[in-house]
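This report concerns only the one structure given below.
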Amino acid sequence: MTVRELFAKVRDKLQDTDATYWSDSELVDLFNEGKRYMAAERNENPTTTSIQLSENTNIYEVTGALRYISAKDSNGKARKLYPDDGSGDEITDAIIVEDYNRIYVNNPEEGTSLYVKHISFPEEDNLNDTIRSGDEESYRYFILSKAYEKDNDMEQFQKAQYFWSMFLGAIEYSKKNSSLNFLDNSDKITAYYY
């Protein structure tokens, strides 16, 4: 299924087949937002970035990081990641994640390399790209949830909440199966022959 074909199903549900209220570019933005959310949740596309530490520098840039996983230095020492809330300020080997592309390294050792493992941003899709098999429902529910948030009335809010819960259920199912790299076929009906 292509992104364009998915949008046709979404537009049917939104009752906007003529694209008068939700433009294609708006839906593509929602699709790519869902893609980033799902990549982060399923730990897809892990990347390791190497950073050369300098004794006089504590702040380092990490480009393309969507979610941080772990860090280890070239001496084999695992370094724990902390949020920028003060909890790691006094810990010698702490790495504080200041924001999505910047980390603060406590006590950097000159000449040591730091290997930061993170989830990278997925490539942006457009209308003609193909959706990975098994992800169609997750994307559909995510887009519907976010599209219904556009209006401020209570009925649209309830629809947004409904589709968000459907999305969370769909992504839990796909997280389990994507980590094993197969689709679970346990939902098939068993036939008995006599």
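Is it true that some residue in the range 107-121 is touching a His at 6+ places or on another chain (Cβ under 7 Å), open to solvent by 60 Å² or more (accessible area, probe 1.4 Å) and farther than 21 Å from L144 by Cα?
no
Please list, ordered by first then second residue, the pairs with beta carbon atoms under 9 Å, 6 or more apart or interchain, first in the range 28-43 and of a type in the set (S, T, N, Q), second surrounded by fewer than 18 Cβ atoms within 10 Å (Cβ to Cβ) and in a helix (DSSP H, G or I).
N43/K175; N43/S179
Considering only the range 1-50, state which residues are touching a Ser or Thr at 6+ places or on another chain (Cβ under 7 Å) and among the β-branched types (V, I, T).
Hits for the range 1-50 are T2, T47.
Restricting to the range 2-42, count the residues that are surrounded by 15 or more Cβ atoms within 10 Å (Cβ to Cβ) and in a loop (DSSP other than H, G, I, E, B).
3
Among the residues of the range 122-149, how many are surrounded by fewer than 13 Cβ atoms within 10 Å (Cβ to Cβ) and either at pLDDT below 90 or touching a strand residue (DSSP E or B) at 6+ places or on another chain (Cβ under 9 Å) (or both)?
3
What number goes with the only condition from (1) modelled with pLDDT of 95 or more; (2) closer than 30 Å to R11 by Cα that Y115 does not pass?
(2)
For the range 45-57: of the residues being hydroxyl-bearing (S, T, Y) and farther than 28 Å from P122 by Cβ, which is surrounded by the most Cβ atoms within 10 Å (Cβ to Cβ)?
S54
With respect to the numbered conditions (1) modelled with pLDDT of 60 or more; (2) open to solvent by less than 100 Å² (accessible area, probe 1.4 Å), which one is the sole condition not fulfilled by D184?
That leaves (1) as the condition not met.
Which of the following residues is among the β-branched types (V, I, T) and touching a Phe, Trp or Tyr at 6+ places or on another chain (Cβ under 8 Å): T57, T49, T63, T20?
The unique qualifying residue is T49.
Does Y104 qualify as being at pLDDT 90 or above, of a type in the set (F, W, Y) and more than 17 Å from the chain's Cα centre (by Cα)?
Answer is yes for this residue.
Just checking, how many residues over the range 58-82 are of a type in the set (A, V, I, L, M) and loosely packed, with under 11 Cβ neighbours inside 10 Å?
Of the residues in the range 58-82, 1 are of a type in the set (A, V, I, L, M) and loosely packed, with under 11 Cβ neighbours inside 10 Å.
The values are calculated or read from the model by the stated rules, or taken from the named source; none is laboratory data. Remember, predicted model here, so these are calculated numbers, not experimental data. Ideal geometry is used to build each Cβ from the backbone, glycine not excepted, and the neighbour counts take in all protein chains shown. Note: accessible area is taken over every heavy atom of the protein model, side chains too, but ligands, DNA and RNA are not part of it. Shrake-Rupley method; radii C 1.70, N 1.55, O 1.52, S 1.80 Å.
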